[in-house]
Amino acid sequence: MTAQYQFLSPDQVEQFLTRGFCVVRNAFDRDKARIWTDQVFTRLGYEEADPSTWEQHRIHMPSHEFAPVAEYAPLAWGAMCELMGGEDRVRPSTWGNGFIVNLGKPEDADTWQPPSAKVGGWHKDGDFFRHFLDSPEQGLLTIVLWSDVVSRGGATFVAGDSVPVVARFLADHPEGVTPNGFGFGNMIQECTDFAEATGEVGDVYLLHPYILHASSQNALRRPRYITNPPVGLKEPMNFNRENPDDFSLIEQTVLRGLGVERLDFQPTAPRERIVPGSHAKKQEMLEAERARLAAIQ
């Protein structure tokens, strides 16, 4: 019997199982987003109307403010929980205003490439832990659109058939894999299903944690703002549940990718947290942004 969901439609469920992602449209509105996004250029120290002041074309900003996802975007939160097997399995999650800003470069208009295996930068997220097939640190990835994102406008590229590729690799490495130990350049060559994560303010892409994705050129140079916070699980994924109806959709997607009904996966090395190299830089950026905001008070 097919499970019934309150937040996910049958089409969203099927797309997640077959392509590793689905989209929740209109999870929050523009006015709500604008409270945070109106400060972006002040925080950066750039003039929005003068691209000559845009010193960096892609910036990972730190967060100053946070909001619980369950309160800020309940439709998205409900869908997340249903993908991960129910709210009782999910760690509380927050969103912040640490935007990933893509401003583009003048040459992007002439050199823009559509999503394909030829594009560089494909990767799986997670620079803060050792990766196992059942890792709980990332039960789900998200791409939250804080600006309208159109084709050629810096959308995230997604490889919809990459979950089986990553699943097989992790299943073959029960000792775990460090963040730089995947060989993503080889993995993406096995993929052919590519998409641009376009949409409007308030749309939220929900991605399987194994999905490969890449940043893209912003040929239009319209400022693009997204965030991509993960959502953690309270316990590792379980691919050997006694009742098959208890497998979450993220677990089902892995089992489908491996071509098995169940798997008794056991890590052969300890789980390990890693301090990202970007931590110190983010703290410096945070202090500089605070000073710019204070100067306009």
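The values are calculated or read from the model by the stated rules, or taken from the named source; none is laboratory data. This is a predicted model, so every value here is computed, not measured. Note: ideal-geometry Cβ built from the backbone for every residue, glycine included; neighbour counts use all protein chains shown.
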**Asked** In this structure, does Leu207 turn out to be touching a strand residue (DSSP E or B) at 6+ places or on another chain (Cβ under 7 Å), at pLDDT 95 or above and among the aliphatic types (A, V, I, L, M)?
**Response** yes
**Request:** Answer yes or no: is there a residue in the range 159-174 that is charged (D, E, K, R), touching a residue at least 40 places away in the same chain (Cβ under 8 Å) and farther than 30 Å from Gln266 by Cβ.
**Result:** no
**Fill in**
Residue hits (the range 64-98; assigned to a loop (DSSP other than H, G, I, E, B), under 26 Å from Phe41 (Cβ atoms) and without any contact (Cβ under 8 Å) to a residue 40 or more places away in the chain) are Glu65
**Prompt:** Are any of the residues in the range 215-229 outside any loop (DSSP other than H, G, I, E, B) and β-branched (Val, Ile, Thr)?
**Reply:** yes
**Prompt:** Within the range 58-70, can one find any residue that is charged (D, E, K, R) and farther than 30 Å from Arg221 by Cα?
**Reply:** no
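Considering Pro230, Pro223, which residue is surrounded by 15 or more Cβ atoms within 10 Å (Cβ to Cβ), modelled with pLDDT of 95 or more and closer than 21 Å to Met84 by Cα?
Working: Pro223 fails: closer than 21 Å to Met84 by Cα.
On inspection, the qualifying residue turns out to be Pro230.
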**Fill in**
Here the qualifying pairs (Cβ atoms under 7 Å; residues six or more apart or on different chains; first in the range 99-127 and part of a loop (DSSP other than H, G, I, E, B); second among the acidic types (Asp, Glu)) come out as Pro115/Glu196; Gly126/Glu137
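Could you please let me know if Leu133 is on the phi < 0 side of the Ramachandran plot, assigned to a strand (DSSP E or B), aliphatic (A, V, I, L, M) and modelled with pLDDT of 95 or more? Give the derivation first.
Working: on the phi < 0 side of the Ramachandran plot: yes; assigned to a strand (DSSP E or B): no; aliphatic (A, V, I, L, M): yes; modelled with pLDDT of 95 or more: yes.
Against the criterion (on the phi < 0 side of the Ramachandran plot, assigned to a strand (DSSP E or B), aliphatic (A, V, I, L, M) and modelled with pLDDT of 95 or more), Leu133 does not qualify.
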**Message:** I'm trying to understand the selection: among the residues of the range 238-297, which are touching a Leu at 6+ places or on another chain (Cβ under 6 Å) and either closer than 16 Å to His64 by Cβ or of a type in the set (Gly, Ala, Ser) (or both)?
**Reply:** none
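Determine which member of the set Asp38, Asp50, Asp29 is exposed (fewer than 15 other Cβ atoms within 10 Å of the Cβ), farther than 19 Å from Glu196 by Cβ and touching a residue at least 24 places away in the same chain (Cβ under 8 Å).
So the residue among Asp38, Asp50, Asp29 that is exposed (fewer than 15 other Cβ atoms within 10 Å of the Cβ), farther than 19 Å from Glu196 by Cβ and touching a residue at least 24 places away in the same chain (Cβ under 8 Å) is Asp29.
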**Request:** Check the range 235-245 and report whether any residue there is surrounded by fewer than 23 Cβ atoms within 10 Å (Cβ to Cβ), among the charged types (D, E, K, R), without any contact (Cβ under 8 Å) to a residue 12 or more places away in the chain and assigned to a loop (DSSP other than H, G, I, E, B).
**Result:** yes
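Being buried (at least 19 other Cβ atoms within 10 Å of the Cβ) and at pLDDT below 95 is true for just one of Gly154, Gly139, Gly176, Gly126. Which residue is that?
From the options Gly154, Gly139, Gly176, Gly126, the qualifying one is Gly126.
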**Prompt:** Looking at Thr198, Thr227, which one is in contact with a strand residue (DSSP E or B) (Cβ under 7 Å, 6 or more places away or on another chain) and without any contact (Cβ under 8 Å) to a residue 60 or more places away in the chain?
**Reply:** Thr198
